[in-house]
Amino acid sequence: MSRGLSVSGLDRLRDRLVAHVERRNVPGLAALVARGGDVHVEVLGTPALDDPAPLTRDAIFRIASLTKPIAAAAAMALVDDGVLTLQDPVETYLPELADRRVLRRLGSPVHDTVPAVRSITVEDLLTFRLGFGVVMAPPDTYPIQVAERELGLMTLGPPWPPPQLTSDEWIARFATLPLMHQPGDGWLYNTGAQVLGVLMERATGLPLEEFLRSRLFEPLGMVDTAFSVPAHAQSRFTTAYTPDGASGGLRLRDPSVGGWWNEPPAMANAAGMLVSTLDDLWAFVSMLLAGGEPVLSAASVAAMTRDHLTAEQRASATLFLGEHGGWGYGMAAPGPIAGEPPVPWGFGWDGGTGTTWRSDPVRGLTGILLTQREMTSPEPPALFTDFYDAAYAAIEP
């Protein structure tokens with residue numbers, strides 16, 4: 001059984017976090033570190049730069065790509081229920097995606113294609129190996145990027161502002177594009193989760209948020225997790241910022257009132273548009289750490305949290321996953337490594353709005369950090385690095 005966290009180590013953790021808030025690198029933050037039976041929470045700063053009120057533990061944050069593991073868990077619940085299998089071809093539920101075409105090479109015109117050698121499967125969506133996703137090149141470098149932008153799909157970059165497309169409209173437009181590689185051949189970020197969300201709506205006959213609420217959120221007590229913030233909760237909704245290179249400070253990305261999350265979206269985007277709180281996310285993570293009860297089987301949790309990539313696929317994804325990372329279902333998973341794992345290490349993921357979570361199965365440590373400062377690259381910002389370094393230093397010897 002893992003031991004807990006040292007008081008002196010947690011004091012150092014607080015000092016590191018306070019320094020970032022005092023320098024106004026972030027207006028505020030909510031952090032949780034847990035090991036064994038010890039759970040330590042820090043809530044610092046304010047909901048917005050111009051708001052003097054203290055941030056509260058029930059503050060609501062945009063969690064961006066931390067949506068992805070939640071969507072993956074919902075899909076695995078459907079596998080447990082016998083509604084889906086991992087090898088189901090997606091055209092069973094998304095006939096728009098039958099008979100895929102594949103670019104002859106990434107730089108080919110969108111009409112220069114060959115037939116897909118097989119169907120995309122549900123597992124391809126979960127592992128991000130469906131054959132379409134983020135291209136690590138400037139926008140409009142390749143014809144496929146231009147075509148995606150012209151369709152307004154918002155799947156090769158940040159998903160905000162959200163497109164005014166229903167899920168049926170989105171998948172119909174996506175289906176007009178070829179894949180970038182053959183299903184199963186490579187790992188490409190993001191799009192698999194968006195397609196998965198539409199597939200779950202078709203498989204259940206329910207709007208995605210309604211299904212997530214009944215199958216995950218209500219059983220786990222995740223009362224503030226949703227695709228929009230209702231009027232009664234907007235006083236707890238934080239303001240989002242992005243770094244301003246010109247001033248070195250922050251500029252507004254999305255306000256707490258009158259912004260993109262104040263009304264239900266046309267499409268519930270399973271790749272990155274949930275809002276949540278520290279305690280809601282801890283409830284979700286605690287479920288995984290406990291083996292899935294009461295919403296998932298232990299086998300589903302094991303599948304979600306282990307690496308499914310080949311060595312070649314991991315090597316092509318190091319910018320996102322790091323030198324020692326793999327990919328499970330909807331989130332990072334520990335890749336193979338000899339010797340002591342790096343810090344941080346484990347399963348979990350990051351959100352582009354300034355959120356991060358990792359659970360280290362070797363050292364029994366979990367860290368969750370929610371901020372209002374947008375990430376500008378897959379590289380972890382200094383605040384994330386300081387948070388995890390201090391969290392690991394707090395492990396009792």
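Based on this model, can you work out whether residue 378 counts as assigned to a loop (DSSP other than H, G, I, E, B), without any contact (Cβ under 8 Å) to a residue 40 or more places away in the chain and open to solvent by 10 Å² or more (accessible area, probe 1.4 Å)?
Details: assigned to a loop (DSSP other than H, G, I, E, B): yes; without any contact (Cβ under 8 Å) to a residue 40 or more places away in the chain: no; open to solvent by 10 Å² or more (accessible area, probe 1.4 Å): yes.
Against the criterion (assigned to a loop (DSSP other than H, G, I, E, B), without any contact (Cβ under 8 Å) to a residue 40 or more places away in the chain and open to solvent by 10 Å² or more (accessible area, probe 1.4 Å)), residue 378 does not qualify.
For residue 94, state whether it is more than 25 Å from residue 374 (Cα to Cα) and modelled with pLDDT of 95 or more.
Values: more than 25 Å from residue 374 (Cα to Cα): yes; modelled with pLDDT of 95 or more: yes.
In short, yes.
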### Task
Just one of (1) over 30 Å from residue 211 (Cβ atoms); (2) at pLDDT 95 or above; (3) surrounded by fewer than 23 Cβ atoms within 10 Å (Cβ to Cβ) trips up residue 33, so point out which.
(3)
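For segment 296-305, how many residues are under 16 Å from the mean Cα position of the chain (by Cα) and part of a loop (DSSP other than H, G, I, E, B)?
Looking only at that region, the number is 1.
Which residue out of 86, 44, 66, 55 is touching a helix residue (DSSP H, G or I) at 6+ places or on another chain (Cβ under 6 Å) and either crowded, with 19+ Cβ neighbours inside 10 Å or within 27 Å of residue 247 (Cα to Cα) (or both)?
Numbers: 86 fails: either crowded, with 19+ Cβ neighbours inside 10 Å or within 27 Å of residue 247 (Cα to Cα) (or both); 66 fails: touching a helix residue (DSSP H, G or I) at 6+ places or on another chain (Cβ under 6 Å); 55 fails: touching a helix residue (DSSP H, G or I) at 6+ places or on another chain (Cβ under 6 Å).
Residue meeting the stated conditions: 44.
Checking the conditions here, which among 369, 319 is outside any strand (DSSP E or B), within 24 Å of residue 160 (Cβ to Cβ) and not acidic (Asp, Glu)? So that I can check it myself, show each step before the final result.
Numbers: 369 fails: outside any strand (DSSP E or B).
It is 319.
With respect to residue 290, is the statement that it is of a type outside the set (S, T, N, Q), within 23 Å of residue 218 (Cα to Cα) and surrounded by fewer than 17 Cβ atoms within 10 Å (Cβ to Cβ) true? Spell out the reasoning first.
Details: of a type outside the set (S, T, N, Q): yes; within 23 Å of residue 218 (Cα to Cα): yes; surrounded by fewer than 17 Cβ atoms within 10 Å (Cβ to Cβ): yes.
For residue 290, the condition - of a type outside the set (S, T, N, Q), within 23 Å of residue 218 (Cα to Cα) and surrounded by fewer than 17 Cβ atoms within 10 Å (Cβ to Cβ) - is met.
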### Query
Is it the case that some residue within segment 326-343 is among the hydroxyl-bearing types (Ser, Thr, Tyr) and either assigned to a loop (DSSP other than H, G, I, E, B) or in contact with an Asp or Glu (Cβ under 7 Å, 6 or more places away or on another chain) (or both)?
yes
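Condition first: open to solvent by 50 Å² or more (accessible area, probe 1.4 Å) and under 17 Å from residue 154 (Cβ atoms). Now tell me which residues in segment 173-188 satisfy that. I'd like the intermediate steps shown before the answer.
Residues of segment 173-188 that are open to solvent by 50 Å² or more (accessible area, probe 1.4 Å), as a first pass: 173, 176, 185.
173, 176, listed by residue number.
Taking the condition closer than 17 Å to residue 358 by Cβ, touching a helix residue (DSSP H, G or I) at 6+ places or on another chain (Cβ under 9 Å) and open to solvent by 60 Å² or more (accessible area, probe 1.4 Å), does residue 343 pass? Spell out the reasoning first.
Details: closer than 17 Å to residue 358 by Cβ: yes; touching a helix residue (DSSP H, G or I) at 6+ places or on another chain (Cβ under 9 Å): yes; open to solvent by 60 Å² or more (accessible area, probe 1.4 Å): yes.
Answer is yes for this residue.
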### Message
I'm told residue 335 meets every condition in (1) of a type outside the set (S, T, N, Q); (2) farther than 23 Å from residue 371 by Cα; (3) open to solvent by 20 Å² or more (accessible area, probe 1.4 Å) except one. Can you identify the failing condition by its number?
### Response
(3)
### Message
For the structure I just gave you, tell me whether residue 298 is open to solvent by 10 Å² or more (accessible area, probe 1.4 Å) and closer than 21 Å to residue 351 by Cβ.
### Response
no
#### Entry: Top-ranked residue of segment 225-239 - restricted to ones that are open to solvent by less than 10 Å² (accessible area, probe 1.4 Å) and not β-branched (Val, Ile, Thr), ranked as nearest to residue 267 (Cα to Cα)
227
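The values are calculated or read from the model by the stated rules, or taken from the named source; none is laboratory data. Because the structure is a prediction, the values reported are computed rather than measured. Ideal geometry is used to build each Cβ from the backbone, glycine not excepted, and the neighbour counts take in all protein chains shown. Side chains are part of the model used for accessible areas, which takes the heavy atoms of the whole protein and leaves out ligands, DNA and RNA. Shrake-Rupley method; radii C 1.70, N 1.55, O 1.52, S 1.80 Å.
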